[in-house]
Amino acid sequence: AKSEGRSTYHFFEAGMDAALQRRRAIETGLRAALETDALELVFQPLVGLDCNKIVAAEALLRWTHPEFGPISPVEFIPIAEESGLIRPIGVRVLEKAAKAAANWPAEIAVAVNLSSVQFARGDLVAQVAEALKCSGLESWRLELEITESLLLEDSAANLDTLHKLRDLGIRIAMDDFGTGYSALSYLRAFPFDKIKIDRAFMSDIATKSDSRAIVKAMIGLGTSLGMTTVAEGVETIEQLEVIRAEGCAQVQGYYFSPPVSAEAFAQMVASETIK
Ligand code: C2E
Ligand code: CA
Ligand code: CA
Ligand code: CA
């Protein structure tokens, strides 16, 4: 039994080691990717349900590690946040997204995800202003997506930053709406321009009346507060029909398009090829 315990311990230690090594390799890789400008953005359309046209796009990071291959932002963003690399990465994302959007063949908005770590220092407002200035993008065409954890962390300072961002003329969206614990009180704390209903709510809206009722309530809440409502993760025509019937303003999801390269997105806008 004793030797068994030992080997289990060693196995566990080796497992920890591999995870830690991967984490370190990702951090080192991210540092190099910043220097060689190897981080890319893809763009996923948001479709307006009143006009059936692309009205905006969300910029999403993509990165291929030289050794591990493509790595999901779900894995590398938390590592970037812990290591502080999210700050320079975030600046790069803002610059690239604004530059790409300024060159699109139609005046549609680009949405950029912000990490709460980017709020921790006082220079975010200046970084956003700089990205707008360098690209020539009009401020109303930039949307910043935040999650409620941001308001949870340091609400007074972060609220102040949000108001300053708002004063630049950009719009603020609450991302992943409905997944946190106190989303409703945050709707009162800050006048968001948009709420994005998390895709977790979409999976069974076409088959379960309870799920549909929840989404309906969220759309009604957002609408009555004067916010633009977006349904994320709509994959099927059945889901789309429910969302449309409940009066949601915009839809983002694989049904219309997955995220695509900057060039492919510009093409999509130019040719208005959306379902
Ligand atoms: P998010 O902000 O909630 O982004 C939406 C995610 O849902 C994207 O995953 C997108 O590809 C995926 N998605 C869109 N439509 C569908 C659908 O119909 N079905 C399904 N199953 N998924 C769909 P992605 O690109 O892997 O990004 C994951 C997360 O990584 C993002 O979630 C966001 O939190 C983070 N992220 C990505 N890019 C950035 C960035 O530039 N900065 C920061 N701070 N976070 C980022
Ligand atoms: Ca987002
Ligand atoms: Ca989301
Ligand atoms: Ca998310």
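Overview of values
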quantity: Mean separation of Cα contacts under 8 Å, 6 or more apart, over the residue count of the chain: relative contact order %; calculated: 19 percent
quantity: Estimated distance in nm for a label pair at Ser149 and Glu82, the labels positioned 7 Å out from Cα along Cα-to-Cβ; calculated: 1.2 nm
quantity: Close Lys-Lys pairs in the chain, where close means Cα under 25 Å and separation is 8 or more or interchain; calculated: 25
quantity: Where only alpha carbons of segment 82-175 are counted, the Rg and the Dmax (Å); calculated: 12.7, 39
quantity: Relative contact order, percent, segment 210-275 [alpha-carbon distance under 8 Å, six or more residues apart]; calculated: 28 percent
quantity: Crossing angle, helix 155-167 versus the chain [Cα axis fit, 0-90 degrees, rounded to tens]; calculated: 50 degrees
quantity: Percentage relative contact order, segment 72-207, counting C-alpha pairs under 8 Å, at least six apart; calculated: 20 percent
quantity: Degrees separating the helix 124-135 axis from the principal Cα axis of the chain, which is the longest one; calculated: 60 degrees
quantity: Length released on extending from Cys51 to Thr223, taking residue separation times 0.36 nm less the Cα-Cα span; calculated: 60.2 nm
quantity: Cα gyration tensor category, rounded, prolate or oblate, for segment 36-150 with a/c compared to 1.5; calculated: prolate
quantity: Pairwise Cα inverse-distance average, inverted: Kirkwood Rh of the chain (Å); calculated: 20.1 Å
quantity: Which of Val234, Val125 is most accessible, then next, and so on - probe 1.4 Å; calculated: Val125, Val234
quantity: Calculated FRET efficiency for the pair Ala38/Ala157, C-beta based, R₀ 41 Å, to 0.05; calculated: 0.80
quantity: For segment 183-260, Kirkwood radius (reciprocal of mean inverse C-alpha pair distance, Å); calculated: 12.6 Å
quantity: Cβ-Cβ FRET estimate between Glu130 and Ala189, R0 fixed at 25 Å, reported to 0.05; calculated: 0.35
quantity: Contour minus Cα-Cα distance for Gln267 and Ala200 (0.36 nm per residue); calculated: 21.1 nm
quantity: Extension gain from Tyr254 to Thr207, taking 0.36 nm per residue of separation minus the Cα-Cα distance; calculated: 15.0 nm
quantity: Radius of gyration and Dmax over the Cα atoms of segment 214-253, both given in Å; calculated: 9.5, 28
quantity: For Thr228, residues with placed amide H under 5 Å, excluding near neighbours; calculated: Lys194, Ile195
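The values are calculated or read from the model by the stated rules, or taken from the named source; none is laboratory data. Note that this is a predicted model, so its numbers are computed, not measured. Because the Cβ atoms are built from the backbone with ideal geometry, glycine has one as well, and the counts that use them run over all protein chains shown. The area values use the complete protein model at the heavy-atom level, side chains included, leaving out ligands, DNA and RNA. Shrake-Rupley method; radii C 1.70, N 1.55, O 1.52, S 1.80 Å.
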